[in-house]
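Data block below; observations after.
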Amino acid sequence: MVRVTHSATYAQNGMLEAVARLEASLVDRMQKLVETESPSDDKAAVNRCVAEAAEMGAALGAWVMRHRQRAFGDVLELRFSAQRSGRNSRQGGSERDGRGPLLLLGHLDTVWPLGTLRNMPFRIAEGRAWGPGTLDMKAGVSMGLTAIEALKECGELRRPVVFLLNSDEEVGSTVSRPITEKLAQECAAVFVLEPAQGLEGAYKTARKGVGDYKLRVQGVASHAGVDFERGHSAVYELAYQMEKVRGFTELERGLTVNAGVVRGGTRTNVVAAEAEAEIDVRIARAKDAARIGRRMRGLRVRDRGCVLEVTGGMNRPPMERSRGTVALFRRAATLAEQMGFVLTEAATGGGSDGNFTAALGVPTLDGMGAVGEGAHASHESVVLKDLVPRTALLAEMIRTS
């Protein structure tokens, strides 16, 4: 059992005290989820993790729905009814106060392949929990479940809660996005349990939108020594196009374009017939999506012996710092102060499923999961002393919404 030593502070705050009593369960949930490896591209593995999380939710009284998928793991929907006298609503609807439920949003897939645990086992050391997927984001999932448990034990689950756990977030959310958007439109607010920003644990009030483009060039092959002049190099043409694309970056607008992967050619003595580049685009403003799309598709070949094809587009809209999101953050900061710590806000260049819900106009607050570092890296870890206060803050945000 892991304990942090703030008992005096906890005694002054009922929710902190309630979550502190459940700390061992929180860590146990996290360990079970981490040790159930779930790489995005392994449907069976993700579904084992989905089954584990579904069992945890059912034990807390959730109505469980598995949205079956073919290409990826199933998407898990857990619905928790608001506590009241009389029978509970099976669907966890909003009839109590006429407002929509709250949506807790997360994912169970990770970037780590099966077998990673052999070299990166789950362990507790140096005041942290270590292991693949701890920070991103199985600790956040465990925090969400524990916050619900604390609220139910205190008789304070005043609002219905929908807890959606996606299976393909790390690879673009292609199958889960329609489900996320549909549920978000039924909800009053969205709390995203992705990791907080940095070791200071800032909540995220803005995220950049993410785009993926591919440039493909078809050239004409020839012998580099015998028929050099008959060739039209796809590699040279692609190099020219990448230089053009580099000029699309506008740092002052928060717009960046990066050619991250480049392929081309077959042998050094052959004028290359094919080449391609994978381009990452980040935007801070929604209106820049169409603008960068026009510029990418407006590219034209310099060598008329080559053919250029541009595919792809924006995958996630930006999460802009909206009035609704700011209101949520300010309430969270006030609650954090009452619990004895300072909460800050941050913007990040990375995307999450919160980008989708924010773009719909639903107030969305992100980064409400664990504090730690090393997401997607071998030193991925969660700071244990922050688990109880951050889970208690999440519970208070649910209670006061």
Of those in the range 107-162 that are of a type in the set (Gly, Ala, Ser) and surrounded by fewer than 18 Cβ atoms within 10 Å (Cβ to Cβ), the residue nearest to the chain's Cα centre (by Cα) is 115
Every listed condition ((1) modelled with pLDDT of 95 or more; (2) out of contact with any Pro (no Cβ under 6 Å at 6 or more places or on another chain)) holds for residue 88 save (1)
Residues of the range 231-255 being without any contact (Cβ under 8 Å) to a residue 24 or more places away in the chain and more than 15 Å from residue 309 (Cα to Cα), in sequence order, are 243, 246, 247, 249, 250, 251, 252
By residue number, the members of the range 204-236 that are touching a helix residue (DSSP H, G or I) at 6+ places or on another chain (Cβ under 6 Å) and either surrounded by fewer than 24 Cβ atoms within 10 Å (Cβ to Cβ) or closer than 30 Å to residue 141 by Cβ (or both) are 205, 207, 213, 222
Exercise. Does at least one position in the range 376-383 carry a residue that is within 27 Å of residue 34 (Cα to Cα), part of a strand (DSSP E or B) and touching a Leu at 6+ places or on another chain (Cβ under 6 Å)?
Worked result: yes
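Looking only at residues that are of a type in the set (A, V, I, L, M) and part of a loop (DSSP other than H, G, I, E, B) in the range 343-371, which one is farthest from residue 130 (Cα to Cα)?
360
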Criterion first (in a strand (DSSP E or B), touching a residue at least 12 places away in the same chain (Cβ under 8 Å) and of a type in the set (Ser, Thr, Tyr)) does residue 311 satisfy it? yes
If we ask which residues in the range 111-149 are assigned to a loop (DSSP other than H, G, I, E, B) and hydrophobic (A, V, I, L, M, F, W, C), their number turns out to be 5
*asked:* I'd like to check something: does the range 307-320 contain any residue that is among the aliphatic types (A, V, I, L, M), surrounded by fewer than 16 Cβ atoms within 10 Å (Cβ to Cβ) and not assigned by TED's automatic domain parsing to the domain that holds residue 101?
replied: yes
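Find the residue count for the range 275-292, including only residues that are out of contact with any Phe, Trp or Tyr (no Cβ under 9 Å at 6 or more places or on another chain) and either in the same structural domain as residue 364 (by TED's automatic domain parsing) or farther than 14 Å from residue 240 by Cα (or both). Working first, answer last.
The first filter runs over the range 275-292 and keeps only residues out of contact with any Phe, Trp or Tyr (no Cβ under 9 Å at 6 or more places or on another chain), leaving 276, 282-291.
Checking the rest, the ones that are also either in the same structural domain as residue 364 (by TED's automatic domain parsing) or farther than 14 Å from residue 240 by Cα (or both) come to 282-291.
Qualifying residue count for the region: 10.
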Going through the range 167-196 in order, the residues found to be under 15 Å from residue 355 (Cβ atoms) and part of a strand (DSSP E or B) are 190, 191, 192
Residue 329 passes all but one of the listed conditions (1) surrounded by fewer than 18 Cβ atoms within 10 Å (Cβ to Cβ); (2) among the aromatic types (Phe, Trp, Tyr); (3) under 19 Å from residue 358 (Cα atoms); the exception is number (1)
Given (1) crowded, with 18+ Cβ neighbours inside 10 Å; (2) under 26 Å from residue 208 (Cβ atoms), residue 261 misses just (1)
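The values are calculated or read from the model by the stated rules, or taken from the named source; none is laboratory data. Quantities reported herein were computed from a predicted structural model and do not represent experimental measurements. Note that we place each Cβ from the backbone using ideal geometry, even for glycine, and neighbour counts take in every protein chain shown.
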